Amino acid sequence: MNFFQEFITDICSIGNEFKDRIMNIPNRGDIVMANLPTALTGFLVVIAMLALIAVVIYVFSKVTYALTKKKETVRETGENSSAGINVPSGTPLAEGNSAGKLDLMDVDEPTAAVIMAIVSDQSGIPLNRLNFKSIKKVEDK
């Protein structure tokens with residue numbers, strides 16, 4: 001019986017100790033008000049950093065887009081410079097202009113014209129924008 005009395009006495013003393021600790025906790029409102037400036041400063045720093053990251057990403061995307069657009073323009077200009085005329089790809093040249101000279105090797109002109117028309121139709125590029133260097137007949141073996 002002595003064991004149970006000691007056990008209950010210990011439980012009661014632990015309970016009283018917790019009660020004393022809980023009663024000595026300072027007012028929660030005071031703690032919140034004391035730490036509010038620090039919390040708000042931390043929150044504003046996080047929001048400011050997120051905004052800065054968003055601005056950096058926006059600037060990088062614009063720079064990347066501008067560089068890509070410039071490369072595409074240079075590529076289109078480079079393709080058209082061989083013809084000596086800077087016109088966007090897919091736009092027919094003025095009447096009577098062509099993109100270069102053509103050497104026919106063992107091919108007659110009507111056959112070459114059909115080949116060029118098929119290539120123009122399949123690629124979607126106007127015929128006078130295509131730059132054929134030569135058309136050569138390949139013998140079957």
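The values are calculated or read from the model by the stated rules, or taken from the named source; none is laboratory data. Predicted, not measured: the structure shown is a model, and the values here were computed from it. Backbone-built Cβ (ideal geometry, glycine too); neighbour counts: all protein chains shown. Side chains included, ligands, DNA and RNA excluded: accessible areas come from the protein's heavy atoms. Shrake-Rupley method; radii C 1.70, N 1.55, O 1.52, S 1.80 Å.
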Original post:
Taking only pairs six or more apart or across chains, which ones have beta-carbon atoms under 9 Å, a first residue in region 39-61 that is hydrophobic (A, V, I, L, M, F, W, C), and a second residue that is in a helix (DSSP H, G or I) and at pLDDT below 95?
Top reply: Ala39/Val32
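Per-residue answers, yes or no, for (1) at pLDDT 85 or above; (2) more than 30 Å from Glu72 (Cα to Cα); (3) out of contact with any strand residue (DSSP E or B) (no Cβ under 7 Å at 6 or more places or on another chain); (4) assigned to a strand (DSSP E or B):
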site: Asn86; (1), (2), (3), (4): no, no, yes, no
site: Gly90; (1), (2), (3), (4): no, no, yes, no
site: Asn97; (1), (2), (3), (4): no, no, yes, no
site: Leu104; (1), (2), (3), (4): no, yes, no, yes
site: Ala112; (1), (2), (3), (4): yes, yes, no, no
site: Met116; (1), (2), (3), (4): yes, no, yes, no
site: Ser120; (1), (2), (3), (4): yes, no, yes, no
**OP:** Name every residue in region 9-37 that is open to solvent by 100 Å² or more (accessible area, probe 1.4 Å) and among the β-branched types (Val, Ile, Thr), in order of residue number.
**Re:** Ile22
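Could you tell me whether region 65-72 includes any residue that is over 30 Å from Arg129 (Cβ atoms) and either surrounded by 10 or more Cβ atoms within 10 Å (Cβ to Cβ) or modelled with pLDDT under 85 (or both)?
Of the residues in region 65-72, the ones over 30 Å from Arg129 (Cβ atoms) are none.
No: region 65-72 contains no residue that is over 30 Å from Arg129 (Cβ atoms) and either surrounded by 10 or more Cβ atoms within 10 Å (Cβ to Cβ) or modelled with pLDDT under 85 (or both).
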